[in-house]
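Let me begin by presenting the structure, written as structure tokens, before commenting on it.
The values are calculated or read from the model by the stated rules, or taken from the named source; none is laboratory data. Because the structure is a prediction, the values reported are computed rather than measured. Here Cβ is always computed from backbone atoms with ideal geometry, including for glycine, and neighbour counts include all displayed protein chains.
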Amino acid sequence: MSSQLNILTSAIPELPWLSVVHLSGEVDELNLPQMETAVNPLIQDINKKAFIFDLAGLKFLSSRVIGYFASTHTTLSRTQRRIVFINVSPTVNDIFLLVGLDQIIPCYANLQQAVNNLRDMTL
Amino acid sequence: MKFLRDSLTKKALLFFTLLMGALVGTAIFLVRKNITTLPVNLFLGILAGLIFLILLLFLYDVVWPMSRVARQIRYLFSGKYYQRLEPVTIDEIGMFTHFFNEITKDLEKISYDVRERRRMSSELDIASQIQRDVLPKEAPDIQGFDIVAKTRPAAEVGGDSFDFLLSPDKQQNYIYIGDVTGHGVPSGLIMVMANTLIHSMISMGMTNSRDILVSTNTLLTPRISSRLFMTLVMLRWNPVQEKLYYTGAGHEHILVYRAATDKVEALRSGGIALGMIPDNSKILEEKEIPLAVGDSIVLYTDGLTEAKNSSGEMYGLERLTKSFLKYGYLPSSEGIFDRLTKDFAGFVGEYVQTDDITVIVMKYAGKSAVTKTKLMISEETQIQKTGVWSWD
């Protein structure tokens, strides 16, 4: 039985180099392809320099999803692009801390904080 | 003509019409010639000739096409060499011939798939055996520790790993538990690679568990897909100093039952998973776990804490910690292990295992105590589909 996952993508008109992906529900290996289908086209757009994953509604993510984020981080880093997380719940944060993902992908409290940091990094 | 040949009924009608037409035509011809009587022999001769011609047509257009396809079907059923046929008619027999060709094509494909499946299954069995061979058959007795380690893969080949190693100078014992993302052959291959690298580092004389994992990561990362990684925690026991150290590489918590306070500490293993970044030397560090006689340690993989019951609830760290708190006082690691397993099985019920599960329970009985190490690697290659979850 696959868990329920909702994905929404949005953009900030005044920051065309940025994409925001809102994830809610649970992501595991069964619905990871659903996330990839939504996120990969965004990543392929080289005009997008940074991606903010808003995990406000995310309750759980499996190790394969961690692998996906780590791989996406590696891919983006090669072209000096960034990925960050915002609104990380304590449960998901525990998972990030556990595998050490927080060591390579920064987490910010909210969108504004992430945008400020990304602006400094990318500009 | 095509219209008349596209079904057997129409062909029968055609033959009948031909016969009747020939008879009527002959009758008209005889009437016009004023022949009112005909010798019986001549009449029968003409009739027999007509019937013979129609029979020839019937044999050529119906019986022969039918018999050639029937022969090939016989060959197919008796396991002899058969061949596909070009349909020579456009009626039901033609359709039947086409159907025979299609069905034999499908049969050949199915037969190929079955052979491939058998081959893959046999290769999986070999891979599974190789992996079981990599896992320790017997562990060196680690002075002062009573240990039970068990693993059960979710598929024929698993991504969980554990091992007990001894430094070449026999001054250090290493115990590690690891978990590669997902399960199955890709995970199993990485697990074997990591195991080999760790063995190599230790046999080369590297003593610090942090250095072992940093070097393992340096060699492992460029050789694996960026989506795969291995979480691992390694314990290093120095029996002379009676000190236990650990280095975490993004693995689950280390649970320590403190006999003196009757409490369980969940130590974050820390670090970053192997294979995630090329250089983890700035992140990994070796720390000490102070240990007293009677303390127990549980190492596990996420297959245990992420297992769900029928309501979709995860077992979780909290339940595991509570269970360990109840049974951590028991004098033997086997006793603790059995109780932990019972609690887990009671929670998950008829759980179809989706991830590998490995658990190591260690009881520190003191330097002078007589202790043993017991291992169990599930020989089961069939995934458990029904029944209450168990190690067996």
Test: residue in region B:252-260 that is among the hydroxyl-bearing types (Ser, Thr, Tyr) and either under 19 Å from B:Lys363 (Cβ atoms) or outside any loop (DSSP other than H, G, I, E, B) (or both): yes
Considering residues of region B:288-314 that are of a type in the set (Val, Ile, Thr) and touching a helix residue (DSSP H, G or I) at 6+ places or on another chain (Cβ under 6 Å) only, the residue farthest from B:Thr247 (Cα to Cα): B:Thr305
Where a residue in region B:206-229 is touching a residue at least 24 places away in the same chain (Cβ under 8 Å) and away from chain A (no Cβ under 14 Å) and its partner, wherever it lies, is hydroxyl-bearing (Ser, Thr, Tyr) and in a loop (DSSP other than H, G, I, E, B), with Cβ under 8 Å and at least six apart: B:Thr207/B:Ser167
Residue that is farthest from B:Asp146 (Cα to Cα), among those in region B:251-266 that are among the hydrophobic types (A, V, I, L, M, F, W, C), more than 34 Å from the chain's Cα centre (by Cα) and surrounded by 15 or more Cβ atoms within 10 Å (Cβ to Cβ): B:Val264
Boolean, B:Ile103 is part of a helix (DSSP H, G or I), over 29 Å from B:Phe16 (Cα atoms) and in contact with a helix residue (DSSP H, G or I) (Cβ under 8 Å, 6 or more places away or on another chain): no
Pairs, first at the interface with chain A (Cβ under 9 Å from one of its Cβ atoms) in region B:263-280, second of a type in the set (S, T, N, Q), C-beta under 6 Å, six or more apart: B:Ile272/A:Gln103; B:Ile272/B:Asn280; B:Ala273/B:Thr231; B:Gly275/B:Thr221; B:Asn280/B:Asn217
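Let's see how each residue does on (1) in a helix (DSSP H, G or I); (2) aliphatic (A, V, I, L, M); (3) at pLDDT 85 or above; (4) in contact with a strand residue (DSSP E or B) (Cβ under 6 Å, 6 or more places away or on another chain):
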residue: B:Leu50; (1), (2), (3), (4): yes, yes, no, no
residue: B:Leu53; (1), (2), (3), (4): yes, yes, yes, no
residue: B:Trp64; (1), (2), (3), (4): yes, no, yes, no
residue: B:Arg71; (1), (2), (3), (4): yes, no, yes, no
residue: B:Val88; (1), (2), (3), (4): no, yes, no, no
Residue within region B:271-278 that is surrounded by 24 or more Cβ atoms within 10 Å (Cβ to Cβ), in a strand (DSSP E or B) and in contact with a Leu (Cβ under 9 Å, 6 or more places away or on another chain) present: yes
Count - residues of region B:302-358 that are at positive phi and within 11 Å of chain A (Cβ to nearest Cβ): 2
Residue check, B:Ser128 out of contact with any helix residue (DSSP H, G or I) (no Cβ under 7 Å at 6 or more places or on another chain), exposed (fewer than 12 other Cβ atoms within 10 Å of the Cβ) and not charged (D, E, K, R): no
Residue ranges of helices (runs of 4 or more DSSP H) in region A:1-99 with at least 3 members surrounded by fewer than 17 Cβ atoms within 10 Å (Cβ to Cβ) and away from every other protein chain (no Cβ under 14 Å): A:32-44
Leading residue by the ranking (nearest to the other protein chains (Cβ to nearest Cβ)) among those in region B:230-262 that are under 24 Å from B:Tyr329 (Cα atoms) and among the hydroxyl-bearing types (Ser, Thr, Tyr): B:Tyr246
Candidate set from region B:149-173 (those that are of a type in the set (Asp, Glu) and under 22 Å from B:Ser296 (Cβ atoms)); member that is surrounded by the fewest Cβ atoms within 10 Å (Cβ to Cβ): B:Asp163
Residue, surrounded by the most Cβ atoms within 10 Å (Cβ to Cβ), within region B:60-93, restricted to residues that are aromatic (Phe, Trp, Tyr) and under 38 Å from the mean Cα position of the chain (by Cα): B:Tyr82
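Quick grid of which residues meet (1) small (Gly, Ala, Ser); (2) crowded, with 22+ Cβ neighbours inside 10 Å; (3) on the phi > 0 side of the Ramachandran plot:
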| site | (1), (2), (3) |
| --- | --- |
| B:Ile175 | no, yes, no |
| B:Gly178 | yes, yes, no |
| B:Thr181 | no, yes, no |
| B:Pro186 | no, no, no |
| B:His199 | no, no, no |
| B:Thr207 | no, no, no |
| B:Arg210 | no, yes, no |
| B:Thr216 | no, yes, no |
Residue within region B:323-333 that is closer than 15 Å to B:Phe145 by Cβ, in contact (Cβ under 8 Å) with a residue 24 or more places away in the chain, more than 26 Å from the chain's Cα centre (by Cα) and assigned to a helix (DSSP H, G or I) present: yes
Residue in region B:103-117 that is in contact with a strand residue (DSSP E or B) (Cβ under 8 Å, 6 or more places away or on another chain) and within 27 Å of B:Gln353 (Cβ to Cβ) present: no
Filtered residues of region B:218-236 (kept if touching a strand residue (DSSP E or B) at 6+ places or on another chain (Cβ under 7 Å) and either surrounded by fewer than 23 Cβ atoms within 10 Å (Cβ to Cβ) or among the acidic types (Asp, Glu) (or both)): B:Leu220
Top-ranked residue of region A:90-123 - restricted to ones that are among the small types (Gly, Ala, Ser) and more than 27 Å from B:Glu285 (Cα to Cα), ranked as nearest to the chain's Cα centre (by Cα): A:Ala114
